[in-house]
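Asker: Got a structure for you, questions after.
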Amino acid sequence: MSTAPSHYSAPLVIPRAEHTLSRNGVSSAALKVLYRLHRAGYVAYLVGGSVRDLLLGRRPKDFDVVTNAQPREIRRLFRNSRVIGRRFRLVHVLFAGETVEVATFRASPEPDEVPDGWEEGEENEDGEETEAAPQVDENNVFGTPAEDARRRDFTVNALFYNIADFSIIDHVGGLEDLRGETLRTIGDPDQRIEEDPVRMLRALEYMVRLGFKLEPRTEDAIHRNRDLILAASPARLAYELLETLRSGVSQGISAAWKRFGILRLVFPEAEAAGPALNQLLVSVDRRFSTGEAVDDAVLLGLSFLPDYVGLLHDAAREDGRIDNPQLLAGLAELIDPAELRLHLSNRNVHQIRQGLFTISKMRRAPERARQVIRLARQDYFPTAWALYTFAAEAKLLPAEPHRAWADALDRLAKNGTLEDASQSVQPTRRRRRRPRRRRRS
């Protein structure tokens, strides 16, 4: 079995002729960033999940770069960039359809910050800070390549690809673990989890997504420390939850979280949903595997959907009508705890509440076109329709009324009564003011 070194000495350097990573797998945007830094006299490495995935023959979802250039130096090299971050300043270099994150070698072992879009202290396009950010003593956080590698979470995520000579640089035994398909924390696993409890969620995600096994000490540490996840910030937990739901393997990750006793701590509503949630996650994974986007409010709403269907049945009267006050009270009891625990945005909570409640108005085939038009023009209807579609696919609700509503929407769209059928039945995504900081993959 692969074993990590108890201490670190000189790095292992694998020359180009002895590894399989090719520049053909690196995006043109990332290559432009690497080469411009290198030609300006700086060290420039591709780092993290992109190096890992390329060595595994996988297609990376994004590319991160690390360098000895400091943020303002990087900013001067790239006019198409902006500086983000609170404790540690990062640079996003913006290209059409892609953002390359560039970080300075870092010594700090502190947890990753929540993604951009959740934080303040960003710079505008002219490089001026738009909001006050804490002052950072840069000499205390910037470090050497070796320090930067050792502060990362898992050995397989700490590999560098050097654009200067196309070599792979390994400070922590990541190549050996990559060959052994082993996920191992860098350093003492208990200490690394105490530093950042979210690493437990990431470990189980990587285990599922990569098909790797957990190194025994890392696995034992997750079992011992799972209650520490309650100390993680709500914003980061919400972010990790959404990243999992978008991963394409959410069913497997959810099962792993449940097996390790973490799901009931992070999102007890999801665990309470039981097997019905598994059916819903199969549908979610199928959509993401084909490149289809699903709105955040819909993804979060799925965890409440099985219990909501139960509320809907309980609120049905003998005459077939719904006791709306009873249904709304039950809906509040269902959603309010998660809203408080995860600090869900007002927009998402509004969409989830209204989306779920609107399903009660679609449990029968529509009788009049006016009924369909009135609902379809509400801002929350795309969320309601998506949740209803997932419920019908999972057989939580009858398929016949759903088909009748789909036919009615199609007819109205074709005759021009609705502007666009796809806009009527697909969730709309909120426009972001700025690119979201990607987490390291």
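Asker: Just for the chain, what percent of DSSP beta bridges are antiparallel, to the closest 5?
Answerer: Counting DSSP beta bridges with both partners in the chain, the antiparallel share is about 80 percent.
Asker: How far apart, in nm, are two points set 7 Å out from the Cα along the Cα-to-Cβ line at Arg87 and at Arg347?
Answerer: 2.7
Asker: Which order do Thr182, Thr155, Thr99, Thr144 fall in if you start with the one that has the fewest other Cβ atoms within 10 Å?
Answerer: Thr144, Thr99, Thr182, Thr155
Asker: If you don't mind, there's one more thing I want to ask. What's the center-to-center distance, using Cα atoms, between segment 320-377 and segment 143-171 in Å?
Answerer: 49
Asker: Another question, then. What lysines could a cross-link reach from Lys32, if we take a straight Cα to Cα line under 18 Å and drop same-chain neighbours fewer than 8 places away?
Answerer: Lys61
Asker: Can I ask one more? Using just the alpha carbons, could you tell me how many Å³ per residue the convex hull of segment 302-425 encloses?
Answerer: Details: hull volume 13.0 nm³, N = 124.
Cα convex hull per residue, to the nearest whole number: 105 Å³.
Asker: Do the alpha carbons of any pairs in Lys361/Lys395; Lys361/Lys414; Lys213/Lys395 sit beyond 25 Å of each other, and which pairs?
Answerer: Listed pairs above 25 Å: Lys213/Lys395.
Asker: What order, most packed first, do the peptides 314-321, 369-376 have when packing is the mean number of other Cβ atoms within 10 Å of each residue?
Answerer: Going by the mean number of other Cβ atoms within 10 Å, highest first, we get 369-376, 314-321.
Asker: Given that compact globular proteins tend to follow 2.2 N^0.38 Å, what is the ratio of the alpha-carbon Rg of the chain to that value?
Answerer: Values: Rg = 24.2 Å, N = 441, 2.2 N^0.38 = 22.2 Å.
Normalised Rg, Cα atoms only: 1.09.
Asker: In addition: Using the Karplus curve 6.51 cos²θ - 1.76 cosθ + 1.60 with θ = phi - 60°, what ³J(HN,Hα) values do you get for each residue of segment 149-160, in whole Hz, with x for Gly and Pro?
Answerer: 5, 6, 7, 6, 7, 10, 4, 6, 9, 10, 8, 10
Asker: What residues from segment 352-394 fall in the zone where the backbone N is under 13 Å from a label point 7 Å along the Cα-to-C-beta line of Asn415?
Answerer: The answer is 368-373.
Asker: Please work out how much length the chain gains when fully extended from Leu31 to Phe95, using 0.36 nm per residue of separation minus the C-alpha to C-alpha distance, in nm with one decimal.
Answerer: Separation in residues times 0.36 nm, less the Cα-Cα distance, equals 21.8 nm.
Asker: Evaluate the Kirkwood expression for the hydrodynamic radius of segment 199-239, namely the inverse of the mean inverse distance over all pairs of different C-alpha atoms, and round to one decimal in Å.
Answerer: Final number for the Kirkwood radius of segment 199-239 is 11.0 Å.
Asker: Based on the mean of other Cβ atoms within 10 Å per residue, sort peptides 285-295, 75-85, 336-346, 382-392 so the most packed one is first.
Answerer: 382-392, 75-85, 336-346, 285-295
Asker: Between Ser289 and Glu194, how many nm apart are label points set 7 Å from Cα along the C-beta direction?
Answerer: Between Ser289 and Glu194, the simple spin-label model gives 4.2 nm.
Asker: Using the charge dipole of the chain (Lys, Arg: +1 at Cβ; Asp, Glu: -1 at Cβ; taken about the Cα centre), state which of Asn348, Phe88, His223 has its Cα farthest towards the positive end.
Answerer: So the residue we want is Asn348.
Asker: Still on this structure, please answer the following. Can you check what the net charge comes to around Arg321, using other residues whose Cβ is under 12 Å from the Cβ of Arg321 (Lys, Arg +1; Asp, Glu -1)?
Answerer: +1
Asker: Mind computing the radius of gyration and Dmax over the alpha-carbon atoms of segment 145-237? Å is fine for both.
Answerer: Rg, Dmax (Cα atoms, Å): 13.8, 45.
Asker: Calculate, for Arg79 and Val141, the FRET efficiency according to 1/(1 + (r/R0)^6) with r their C-beta to C-beta distance and R0 22 Å; round to the nearest 0.05.
Answerer: 0.30
Asker: Please compute one quarter of the surface area of the Cα convex hull for segment 211-278 and express it in square nanometres.
Answerer: One quarter of the hull surface, i.e. the mean projection, equals 4.8 nm².
Asker: Please report Ile222, Ile335 as a ranked list, fewest other C-beta atoms within 10 angstrom at the top and most at the bottom.
Answerer: Neighbour counts put them in this order, fewest first: Ile335, Ile222.
Asker: Hey, another quick one. For the pair Arg16 and Arg264, how long in nm is the line joining their label points, each one 7 Å along Cα→Cβ?
Answerer: The answer from the label model is 5.5 nm.
Read-outs: derived from the displayed coordinates by stated rules, not from any lab. Not measured: the values here are computed from a predicted model. Positions of Cβ are backbone-derived with ideal geometry, glycine not excepted, and every protein chain shown enters the neighbour counts.
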